[in-house]
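Undergrad: I have a structure I would like to understand better, so I am pasting it below and will then ask my questions one at a time.
Please treat every number below as a calculation from the coordinates, not as lab data. These numbers were taken from a predicted model, which means no experiment stands behind them.
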Amino acid sequence: MSLTSLYLSARALVTDRKGVTALEYGLIAALIATVIIGAVAALGTNASAMFQNIANRIAGT
C-alpha cells in the first residue's frame with residue numbers, strides 16, 4: 001500500500017460520517033484499554049505482595 005493510497009483512504013474515512021464515528025469509537029476503546037492496562041499493572045504488584053504477606057502469616061514465617 002503506497003503512501004498516497006493510505007492518505008486517500010484516511011481522507012475518505014474522515015469525509016464519511018460512518019468512518020468518523022467508527023474512528024471515534026476506536027479511539028475511545030484504545031483509551032479505555034490503556035487505562036485498564038495501567039490499572040492492572042499498578043495494582044497487580046501490590047496485590048501480589050499482599051497475597052504473599054497473607055500466605056507468609058498463615059505459614060507462620
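Undergrad: With θ taken as phi - 60° and the coefficients 6.51, -1.76 and 1.60, list the Karplus ³J(HN,Hα) couplings across segment 40-53 in order, rounded to whole Hz; mark glycine and proline as x.
TA: In residue order, the calculated couplings are 5, 5, 6, 7, x, 5, 5, 5, 4, 5, 5, 5, 5, 4 Hz.
Undergrad: Full-extension gain between Tyr25 and Ile37, please, as 0.36 nm times their residue separation minus the C-alpha to C-alpha distance. Present the calculation step by step, with values, prior to reporting the outcome.
TA: On the way: separation 12, 0.36 × 12 = 4.32 nm, distance 1.82 nm.
The span from Tyr25 to Ile37 would gain 2.5 nm if fully extended.
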